[in-house]
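Here the structure is laid out as structure tokens; the discussion comes afterwards.
Values in this text are rule-based calculations from the coordinates and carry no lab data. None of the values given here were measured: they were computed from a predicted structure. Cβ: placed from backbone, ideal geometry, glycine included. Neighbour counts: every protein chain shown.
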Amino acid sequence: MRRVELPGVVLNTAVDGPDGAPWIVLSNSLGASLAMWDPQMALLTRTYRVLRYDTRGHGQSDAPPGPYSFDALIGDVLALMDHYRIEQAHFMGLSMGGMTGLGLALTDPGRFRGVICADGRADAPPPFRAMWDDRIAKVSEGGLEAIVEGTLASWLTDDWRMANPGPTEAIRKMVLSNAPDGYIACCEALKTLDYLKDLSHVSCPVLYIGGALDKGAPPEVMQAMAAATPGATYVQIAAAAHVANINAPEAFNAALAGMLDVA
């Protein structure tokens, strides 16, 4: 782990994989940390130099005063790439991380060989914004303990949680380890999500991956995003909820072959 000082924030990072290999940058979901990508690391590090980071307000990164914006989250990624002298990379993010990836694809497509947006959406209609207002109120009053059980229920299927009590408890601890103020500041960013209208302008390759049982980024929402993105592909993961890379890692990893040189 290495903490990297950027303008206005210090981010926790981890770099794995062979020197000289092509880069891929991984971005976590709201409420998670870079540890959420552990099920993909053995596969990715065979071929790639992997940069993971805790999004501002999460994990071991700083939580500067909010609200945050997607411009800030995008700027953090580009600054980290500059710090590590990464001229070009693949990018993979899930949920908030995937939304950040869409912003990168629109803002600086030349730096990305491809973007993988998993279990994310591209807009914030009124019910979506209202959900975040409710979430903010709950965390403001009761901390992350007030939303952790609902988070687990949306991230993972009931069958998976029953079959994996140890990993489920580790994920619960990961959620609770975040700074409540940082979590709320990221919720404020999610309320402003507004990329759907611009997806027709994306010029780098995009792969969308989503869980068939995902209620946060339902299949029909991600299918519409893929249809609006030139040349994009959508892969649906059966029997997976919102955090498909953990809920169904083998199927998720197989889907990555649609863009990445992995086997």
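Dipole magnitude for the chain: about 280 debye, using +1 per Lys or Arg Cβ and -1 per Asp or Glu Cβ, origin at the Cα centre.
When both bridge partners sit in the chain, DSSP labels roughly 30% of those beta bridges antiparallel. Considering only Met162, Met225, Met36, the mean-square fluctuation computed in a Gaussian network model of the chain, springs between alpha carbons under 10 angstrom, is largest for Met162.
Full extension of the segment from Glu169 to Asp134, taken as 0.36 nm per residue of separation minus the current Cα-Cα distance, would add 10.1 nm. Looking at the stretch 69-211 only, what percent of DSSP beta bridges run antiparallel? Nearest 5 please. Beta bridges within the stretch 69-211, antiparallel portion: roughly 10 percent. Which of Ala105, Ala42, Ala185 moves most in a GNM of the chain, Cα contacts under 10 Å? So, out of Ala105, Ala42, Ala185, the one fluctuating most is Ala42. Here the stretch 2-62 and the stretch 139-164 have alpha carbon centers that stand 23 Å from each other. Shape of the stretch 145-217 from the C-alpha gyration tensor: oblate (a/c of 1.5 or more and a/b not above b/c, with a ≥ b ≥ c the square roots of its eigenvalues). When the chain is treated as a Gaussian network with alpha carbon springs shorter than 10 Å, the biggest mean-square fluctuation among Leu144, Leu196, Leu51 belongs to Leu196.
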